[in-house]
Amino acid sequence: MDDYKFLFKVVLVGNAGVGKTCLVRRFTQGLFPPGQGATIGVDFMIKTVEVGNEKVKLQIWDTAGQERFRSITQSYYRSAHALILVYDISSQPTFDCLPDWLREIEEYASNKVLRILVGNKIDREDREIPADVGEEFAERHNMYYLETSAKESDNVEKLFMQIAEDLMKQARTRDLPRYDSNNQTLDGKTSTISDSSCCSRLQ
Amino acid sequence: MTESKYAELQKSYQQELKKLEKEEDALVDELNNMLNHKVFLEDKIKGFAKLIPTLKVIKHEAQDLVNTINNISESSEKISGNIRSLDNARNRVDECQARVSDLIDLEICSQGVQTAILDSDYEKGAAHVHRFLSMDQSLLKRTANDMDSTSSMLKSVRTLQDAASQLRAIVTHKFTEAVNAEDLVSIERFFKIFPLLGLHEEGIKEFCSYLRSKVAVTAEKNLKSALNTPASDKRHTVVYADTLTLLYEGLARVTDKQQPLIETYYGPGRLLAAISILQKECDVQTKRVLLEWGKTRQINKKIQMINELSRLSSSSSFNKIDRIEPKDLDILIVEITLMHFRIELYIRFIHRKIMLDAEVGVPNQEDRNKIVKSLEQLIKNSDLSQCKHELLSHYLRLEQYYMEESVAKAVAMDSLETGQQISSMVDDTFFIIRKCIRRSISTGSLDGICVIINNACRVLESDFSEVLRGRLRQGYPSGYLDLTQAYNVLQSSIQQGRLQSSDTEQSRMAFIVALNNSDNSTEYVEALCDNVLKEIEQALPNLNDNDRGKLESCLSGLSSVTINLKDIIDYGIQQLRSSAIKPRINPWVDQFLNMNHHLTDDELSAYEAGESFVQTLIMNLETLLSSFKDVLTSSNYDLLTQVLTAEVTQRLEKVIMKSTFNRLGGLVLDKEVRSLAGYITATTSWSVRDKFARLTQIATVLNLEQVSEIYDYWGSHDGALTWRLTPTELRGVIALRLEKMSLDFNFTASEIIKEGKTTQASVTELKKWLFTNTEKFVPVTIQDELIVLFLLSCDNDIELAKKTIKVYYKIRRECPDIFDNRSLERAELQKAFKTMRFVTIPVRTVNNDAVVYISLRDVNTSNFEMLPSMKLSFMLMDTHQYGNPPDGIIFLVDMEGFTAMHLTKLRPDPINKYFIYLSEGLPMKFKAMYLLNSNYFLEKLLGIIKMFLNQEVMKKIQVFQPGLSLDELAEIIPKQCLPKELGGELEGQEELSDKTLQLLRNREKFWEVEEELRKSVKC
Ligand SMILES: Nc1nc2c(ncn2[C@@H]2O[C@H](COP(=O)(O)OP(=O)(O)OP(=O)(O)O)[C@@H](O)[C@H]2O)c(=O)[nH]1
Ligand SMILES: [Mg+2]
């Protein structure tokens, strides 16, 4: 039975191989998939969680990190309520690419979108990016920051639950991210459309 | 202490004893029962004893039977042991035979194989080797150990082993030779021999490599001819797609042709290996074709330009770089979709083939899973897939650009044809969107389709809708729309994108068209959604649940476009409301204020004959609506009429609340509301009942025969209405009916409140209570001034005031003889006036108490009537309450001339009521009653009255014996309040009586109204 009250779209982006798919699988299926290949295009997964006493349906879009899928993945930014930007704490290059990703987000996503920076694979011994560097970067760019391990299931549940809670708070105050090309509504008051279009209120 | 313990013990022993007695009784009963049974049982036992010999016989027989069975089982055990050893023996014989036949075959094979090789009969040789290889090699070794003639057997084995390797070499060599010689027959011949020699993998590898080389040659040729295709050729624009098609068709043909051969000679389950080899060539060739394609079509340059353009346009309106005409991309896009689809089809083909082969040939589930996994790896890691993804990426870039640019163009070239409700941009835009989505479906890629749908949502929501929104934002200039002018000039102005503010006609038309466009677009979006879903289901029939979820999520983006459009429409309608509807409607409706709503019967007929308010209003509305009817889409027109209805009803409600009505006025209003609702119903397709609910109820209330009938509709009983008016509002409406029939007072409630004698809150509270009070004799509303009098009489004690009000109306209803028909023309009142003096003392006491004075003028008892006298006494009090309310009332009654005969004219019931009213229902404090010149009969009378009056009241009645001196009198009533005859400073009592008559005359209208209002309360 589809008896959820809110529906949120969460999109994961970041370089290939940083562990986006693993994070999603860990959260939706509770497992760490061995040897699954790179994602092709986008994958789509759903999980319903409970926040307070309300059912919240998370629609999770796991995008491919490889460059050649960019034209597919970009088209999902616009309707996202939350964007999770993932890098691999044991790989400097994945961290170095973050500004490029931010530029993409700036260009395609709603400016109200909830943005979270995630440093993944903290179970690994060969860390290259210290936690405070990641945190500092997130702060500078106005993002939440969280370090995770899809393998050890560290902070994965927390990551998604935090997002669900935050989006719920936003929905309550009718301030859901919604793409507006010029961010202007008809008579200056905030648009109420989002309320019905983004989070379908069902019985 | 011990005593009580003892008593307790005794008690419990007694209880125990009683229990035991009871048990004893039960036991005795049981014993009796048993004794009864004894006889019966003894009979039975006798019967059994007779059976004993028979049973002994049976026991013996059973013993015999057991012995026999044991014997049988032993012997069958023995038999089965024999059979087992027999079986073993047979198996050994079989094995022996097999070994022997193996040995014989070994011998034959080893002899035959050499000959066959020498004769170049490789098939025969291979068959011998195959026979040898199919023998159980370990068994052979065991046989060799068991036998004496080991040497010959070992020789045969060695011979065969040698022959096998010899044959392997020969066959491989011969196969290569045949390939080189293009000797198809030999190729096939040796291909078949490989598996006989246990060279399955090698055979497939060799053979498929050969096939691969063939494919390569053909592909080369095809590509060359493609490159040489002249531009004039019909297929020139899709020549690379055609080349790919040839490639994949060729590959598929080879696969289809060779599959039976492989299956027959190599067994099923080997297709994956074969196809993997072919795939390498497929990858190479596909890449080559795409490389050439990219070069010829300058694909990278185009993509780069597009990226640059979109970057520039998002940062600034930079127009230096030439735009690429979207139309020019059309052909290229089609070619890409074709190529992509070909690759997609080929991949599906491979997939299907291998899966089928595995299902047939690989019984083991685990092995099958392995095959599926390697198949997926094969496809995923192939260059073919890489190429496919690149093509899709190109396609998406180009298509998105195409869509954006084309829609921008459609919007820029927007035009309106005469007589049309919508302009060209809507049809054009949705045509483009449709086309792009269709094209994306033709790629066969769900991801591709989803991206284009997402893009369509973006373009529709921002680029397209923003234009509509922008046009509506410019507003609707108030005034009427003149169609004939509008169409002419609009055409050119829309295209220039800007309307001059002076061209109000065009601005109006542009506004209306934008509104219609928005409405029309919502329909387009819905249709688009439906059709797209159907087409996708047809093109991709095997969508799984996850794919479907993905697709539906993207499609739901279109519904948010609809919501956006509806929002725009709503905005537009609100614009119309404030600029075109409200300013017009208000003056029309306000005319209502100039109408007379207090009609006589004659006026009513005249009104009905002439042109009524509502007819004029409807005519005006009709004119207003008709100016929109044909230019707006029907659903926009409906929205407009809804807004108009809301405006009219709200405004009408407002002006009604500013008017007052009599019964006929209410009747007319009710009719008018009905015909207005009727008119609006006729013009629209939605139900107006809801919008008219309040107005209808207001009219119903004003149209009541009697206001108190409101109770038929109010409350929770059957027939009660679901009110859309709050109780306060309802009270307000009722007040409109009563306003003109107000009681005449020379003061107002607000003055008294201002003086601080009472509060508005108290008045309001009483009014609220009145409205919900259920006693039918109390009216729904009471005039504020009267309420104030009640409050003053109770020192603002609300509860006491409520009680007083109830008594007031109750007694007045029960005693019409005292309280109704107070016209002075009435004979009994005139007679009473002649018999007695009724005086309103014009001066108040120092305590602001009013005084009435009554005395007998005519002592003739036959002229005396009790009820009219009572009536007049209250009328006197009313004269006192005309102006500034007195604090209380004092009665001064001269009883001189009161006789036994008067006494006979009195009746206890009215007197009782009279005094109850005086003490509990009077809207004035009853301060005192002074009876002068008392006598025996009066005291008798008081003795009777005492029986039903309470102490409180009795204390206020004071009796004075004749002979009271003037000074003594002046102590009770001050001299300035007494007539001359009683030593006072006022005129003589006759003059005062005359003046009082005049005062009473002035109050006649008051009583008339009071009675009517009071009687409008249903009893
Ligand atoms: N040690 C460790 N390895 C991880 C973790 N998460 C993912 N990996 C490994 O990282 C590799 C890539 O993981 P994916 O989840 O496929 O990466 P991805 O971001 O989805 O990659 P694309 O789909 O190509 O964008 C896999 O081999 C995972 O096993 C983690 O938390 N710890
Ligand atoms: Mg992935």
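The values are calculated or read from the model by the stated rules, or taken from the named source; none is laboratory data. Just so you know, these numbers come straight off a predicted model, no measurement behind them. Neighbour counts run over all protein chains shown; Cβ positions are idealised from the backbone, glycine included. For accessibility, only protein heavy atoms count, side chains too; no ligands or nucleic acids. Shrake-Rupley method; radii C 1.70, N 1.55, O 1.52, S 1.80 Å.
Where does the Debye-calculated log10 I(q)/I(0) of the stretch B:1-125 sit at q = 0.19 Å⁻¹, using only Cα point scatterers of equal weight, no solvent?
Results for the stretch B:1-125 at q = 0.19 Å⁻¹ read -1.10.
When the C-alpha atoms of the protein assembly as shown are aligned to their principal axes, what extent does each axis show, in angstrom, from largest down?
178, 129, 66
Compute the length gained on full extension between B:Q474 and B:H351: take 0.36 nm times their separation in residues and subtract their Cα-Cα distance, giving the result in nm to one decimal.
So the extension gain works out to 38.4 nm.
Using 7 Å Cα-to-Cβ label points, what is the B:L227/B:E417 separation (nm, one decimal)?
Rounded to a tenth, the inter-label distance reads 5.1 nm.
Tell me, what is the per residue accessible area of the stretch B:739-837 in Å², probe radius 1.4 Å?
47 Å²
Just which residues of the stretch A:53-95 lose 30 Å² or more accessible area with every protein chain there, against their chain alone, with the probe set to 1.4 Å?
Residues shielded by partner chains are A:W61, A:R68, A:S71, A:I72, A:S75, A:Y76, A:R78.
Hey, what number do you get for chain B at 222 nm if only DSSP H runs of n ≥ 4 count, each worth -39500 (n - 2.57), divided across all residues, to the nearest 500?
Helix contribution divided over all residues of chain B: -24500 deg cm²/dmol.
Given the pairs B:K871/B:K946; B:K767/B:K927; B:K155/B:K192; B:K691/B:K768; A:K20/A:K121, which are separated by over 19 angstrom at their Cα positions?
B:K871/B:K946; B:K767/B:K927; B:K155/B:K192; B:K691/B:K768
What's the FRET efficiency of B:K11 with B:Y711 using the Cβ-Cβ distance as r and R₀ = 51 Å, to the nearest 0.05?
Efficiency for this residue pair is about 0.15.
Under the classification rounded if a/c is under 1.5, otherwise prolate if a/b is larger than b/c and oblate if not, where does the stretch B:939-1019 fall, given a ≥ b ≥ c as square roots of the Cα gyration tensor eigenvalues?
Here the stretch B:939-1019 falls in the oblate category.
Over all residues in B:440-449, what is the mean tally of Cβ atoms on other chains that come within 10 Å of each residue's Cβ?
Whole-number average of other-chain Cβ neighbours for B:440-449 is 2.
Given a 1.4 Å probe, how much area per residue of the stretch B:202-356 is accessible, in Å²?
Roughly 52 Å² per residue, with all protein chains present.
Taking 30 Å² as the minimum loss, tell me which residues in the stretch B:570-589 lose that much accessible area going from the chain by itself to the full protein complex (1.4 Å probe).
With the partner chains in place, the stretch B:570-589 has these residues losing at least 30 Å²: B:Y571.
Based on the alpha-carbon gyration tensor of the stretch B:727-859 and its eigenvalue square roots a ≥ b ≥ c, which shape applies: rounded if a/c is under 1.5, prolate if not and a/b is larger than b/c, or oblate?
prolate
Looking only at the protein assembly as shown, where both bridge partners belong to it, what percent of the DSSP beta bridges are antiparallel (to the nearest 5)?
The answer is about 30 percent antiparallel.
So if each residue of separation counts as 0.36 nm, and I subtract the Cα-Cα distance between B:D795 and B:V846, what length gain in nm does that give?
Contour length minus Cα-Cα distance gives 16.5 nm.
Of the listed peptides B:354-360, B:76-82, what is their order by residue-averaged count of other C-beta atoms within 10 Å, with the highest listed first?
Descending mean neighbour count gives B:354-360, B:76-82.
Rounded to the nearest 100 Å², what's the accessible area chains B and A bury against each other, both chains counted, probe 1.4 Å?
Summed over both sides, the interface buries about 2700 Å².
Rounded to a whole number, what % of the accessible area of chain B do carbon and sulfur atoms account for, probe 1.4 Å?
Its accessible area is 53 percent carbon and sulfur atoms.
Tell me which residues come under 5 Å, amide H to amide H, from A:V42 once H is placed; ignore anything under 5 positions away on its chain.
none
Assign one of three labels to chain B, namely rounded, prolate or oblate, based on the Cα gyration tensor with a ≥ b ≥ c the square roots of its eigenvalues; rounded applies when a/c is under 1.5, prolate when it is not and a/b is larger than b/c, and oblate otherwise.
It comes out oblate by the Cα gyration axes.
Please report the net charge: other residues with Cβ closer than 13 Å to the Cβ of A:G65, K and R +1, D and E -1.
The answer is -3.
Using a 7 Å offset from the Cα along the Cα-to-Cβ direction at both B:S965 and A:E50, what is the distance between the two label points in nm, to one decimal?
Each label point lies 7 Å from its Cα, and together they span 9.9 nm.
For the stretch A:1-47, state which trypsin sites (Lys or Arg not before Pro) are in a DSSP loop and have at most 16 other beta carbons lying within 10 Å of their beta carbon.
Listed in order of number, the matching sites amount to none.
Would you mind getting me the FRET efficiency between B:E201 and B:S685? Use the beta-carbon distance for r and R0 = 56 Å, nearest 0.05.
0.15
Taking each residue of A:38-46 in turn, how many C-beta atoms of other protein chains fall within 10 Å of its C-beta, and what is the average?
That average works out to 4.
Taking only protein heavy atoms and a 1.4 Å probe, what accessible area per residue, in Å², does the stretch A:1-127 have with all protein chains in place?
Counting only protein heavy atoms, the per-residue value for the stretch A:1-127 is 37 Å².
Give the lysines whose C-alpha is closer than 18 Å to that of B:K56, dropping any in the same chain fewer than 8 places away, or say none.
Counting by Cα, and skipping residues close in sequence, B:K56 has these lysines nearby: B:K46.
Once R0 is set to 60 Å, what does the formula 1/(1 + (r/R0)^6) return for the Cβ-Cβ distance between B:D328 and B:N586, expressed as a FRET efficiency to the nearest 0.05?
According to the calculation, E is roughly 0.60.
Residues in the stretch B:264-278, backbone N under 15 Å from the label point at B:K370 (7 Å along the Cα-to-beta-carbon vector): list them, ranges by number please.
B:269-273
Per-residue HN-Hα couplings for the stretch B:471-477, Karplus 6.51 cos²θ - 1.76 cosθ + 1.60 at θ = phi - 60°, whole Hz, x for Gly and Pro?
Whole-Hz 3J(HN,Hα) from phi for the stretch B:471-477: 5, 5, 5, 5, x, 10, x.
Taking the Cα centroid of the stretch B:207-225 and of the stretch B:944-969, what is the distance between the two, rounded to the nearest whole Å?
Value for the Cα centre distance between the two parts: 139 Å.
What residues from the stretch B:878-902 fall in the zone where the backbone N is under 17 Å from a label point 7 Å along the Cα-to-C-beta line of B:R1001?
B:879, by backbone N distance to the label point.
Length gain on complete extension for the stretch B:A827 to B:L903, per 0.36 nm per residue less the alpha carbon to alpha carbon distance?
This chain segment gains 25.1 nm when fully extended.
How far apart, in nm, are two points set 7 Å out from the Cα along the Cα-to-Cβ line at B:N773 and at B:K124?
Result: 13.3 nm between the two label points.
Out of the DSSP beta bridges found with both residues in chain B, what percent are antiparallel (nearest 5)?
DSSP beta bridges in chain B are roughly 25 percent antiparallel.
Please tell me the relative contact order of the stretch B:876-931 in percent, rounded to the nearest whole number, where contacts are Cα pairs under 8 Å and at least six residues apart.
Relative contact order here is 59 percent.
Ignoring solvent entirely, what values of log10 I(q)/I(0) come out of the Debye formula for the stretch A:1-96 at 0.13, 0.22 Å⁻¹ when each Cα is a single scatterer?
Those come out to -0.47, -1.16, one per q.
Å³ per residue of the Cα convex hull, for the stretch B:229-329?
So the per-residue Cα hull volume is 146 Å³.
Averaged over peptide B:450-462, how many Cβ atoms belonging to another chain are found within 10 Å of each residue's Cβ?
Other-chain Cβ atoms within 10 Å of each residue's Cβ, averaged: 4.
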